[in-house]
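The values are calculated or read from the model by the stated rules, or taken from the named source; none is laboratory data. Treat the numbers as computed from the prediction; the structure is a model and nothing was measured. Neighbour counts run over all protein chains shown; Cβ positions are idealised from the backbone, glycine included.
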Amino acid sequence: MDTKRTGQVRKKVQNAVYFFTGEDEFRKNLSINKLKTKLSLTSKSLDFHIYYGEDASFDEIAHSLKTPPFLASRRFVILKEAEKLSQDDKEKLISYLKKPAKTSIFVIETEKSLNPRDRLNIAARRYAKAMDFSMLDEDKIFSWIKKEFRLRGKEIEPEAVKFLTENTSGNLTAISQCIEMASLYTGKRKDVSRKDVEDLIGESTKISVFKLVDEISFKKQKSALKILLTLMQSGKDAHQILGLLAWYIRRLGRVKALLKKGNFKKEQIARSLKVNYYIAGNIINQAKNFTLGEIKRAQQLLIETDIGLKKSISKPHVLLEILVMRLSSG
């Protein structure tokens, strides 16, 4: 009888601590919200606390964990960016994991997967329920979208899935919002078409700028200028377009440098760029059409255009047209 009770307590204690790793914030938050729902907690509850490894000391976190809950059945404490704790605080956290408070649920988050030999990683995987939330690759994103639509009694056509993924850059938060809207938009109709998705979200600035970089990389000056004109006519801000162009060009440079160093996998490049698997694939494909010299020249032209915009040397659309013409010249 005593053995059975001990086993039950041990199981409860183990489930009181969770270790979430990986870059996919959407799925992390989904799991956190499920835990909050089970405890009937809201973000404003006195029994709900969030700490960040860079700012908080573990003594402060431990005090919250060991304080009895006010109204809920358990206190719910989240530690984000645990990898940024000081070494001394990490050791205190490891000690806590061995004997956690029974009155709290503790979620430890890291922005990326830790080194398998890291002491915190080893301890958390031993004493907590570990869950990895790495960015989904393209195939998994496609499967996830189809599954979410089926849960709502809908079937989405392949072209619509591709369009949705491209125009949200594989961002699961944005995709989830679109799934909800599309489900309402189509009403009793079971099929969701590409046109349905286009009607709801159109083409985002980010994907249009991606297409612009694509045309520039193939030196298709006429079609690159056409995309720029479409962006400007739809009311997109010149500084926003320039900022996104600079974002892509910087990452193209980093990809070229990584590929020059060795045979990096797409997952490794995605982590290095801090983007999801889908975007990393697009950037890798684009980088193949640029030399390092062309990327450096592009970065200099972007700086010159930025200065021109800030000094109002000419009209914004004229400066961007000159930039695109120079970037896409043979």
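Of note:
- Near pairs, Cβ below 8 angstrom, 6+ apart or cross-chain, from the range 292-315 (modelled with pLDDT of 90 or more) to any residue that is part of a loop (DSSP other than H, G, I, E, B) and surrounded by 15 or more Cβ atoms within 10 Å (Cβ to Cβ): ALA298/PHE290
- Among the candidates ASP55, ASP59, ASP24, residue that is charged (D, E, K, R) and touching a Lys or Arg at 6+ places or on another chain (Cβ under 8 Å): ASP59
- Within the range 120-166, the residues that satisfy the criterion of being assigned to a loop (DSSP other than H, G, I, E, B), surrounded by fewer than 19 Cβ atoms within 10 Å (Cβ to Cβ) and more than 16 Å from the chain's Cα centre (by Cα) are ARG152, GLY153, LYS154, GLU157.
- Restricting the first member to the range 63-92 and to residues that are in the same structural domain as ASP118 (by TED's automatic domain parsing), and the second to residues that are assigned to a strand (DSSP E or B) and modelled with pLDDT under 90, no beta-carbon pair is closer than 7 Å while six or more apart or on different chains.
Yes/no matrix, rows are residues, columns are (1) surrounded by fewer than 17 Cβ atoms within 10 Å (Cβ to Cβ); (2) in contact with a Gly (Cβ under 6 Å, 6 or more places away or on another chain); (3) among the β-branched types (Val, Ile, Thr); (4) assigned to a helix (DSSP H, G or I):
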| residue | (1), (2), (3), (4) |
| --- | --- |
| LEU252 | no, no, no, yes |
| ASN263 | yes, no, no, no |
| ALA270 | no, no, no, yes |
| ILE283 | no, no, yes, yes |
| GLN299 | yes, no, no, yes |
| SER314 | yes, no, no, no |
| HIS317 | yes, no, no, yes |
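- Residue pairs whose Cβ atoms lie under 8 Å apart, sitting 6 or more positions apart in sequence or on different chains, and linking a residue in the range 133-159 that is at positive phi to a partner that is not in a helix (DSSP H, G or I), are GLY153/LYS190.
- Residues that are of a type outside the set (Val, Ile, Thr) and surrounded by 13 or more Cβ atoms within 10 Å (Cβ to Cβ) were ranked within the range 285-295; the one that is farthest from MET135 (Cα to Cα) is GLU294.
- Pair list, Cβ < 7 Å and 6+ apart or interchain, from the range 199-217 residues that are at pLDDT 80 or above and in a helix (DSSP H, G or I) to residues that are among the aliphatic types (A, V, I, L, M) and surrounded by fewer than 16 Cβ atoms within 10 Å (Cβ to Cβ): none
- When the range 167-190 is limited to residues that are outside any helix (DSSP H, G or I) and of a type in the set (Ser, Thr, Tyr), the one that is modelled with the lowest pLDDT turns out to be SER169.
- Scanning the range 87-95 for residues that are under 25 Å from ASN33 (Cα atoms) and touching a Ser or Thr at 6+ places or on another chain (Cβ under 9 Å) turns up nothing.
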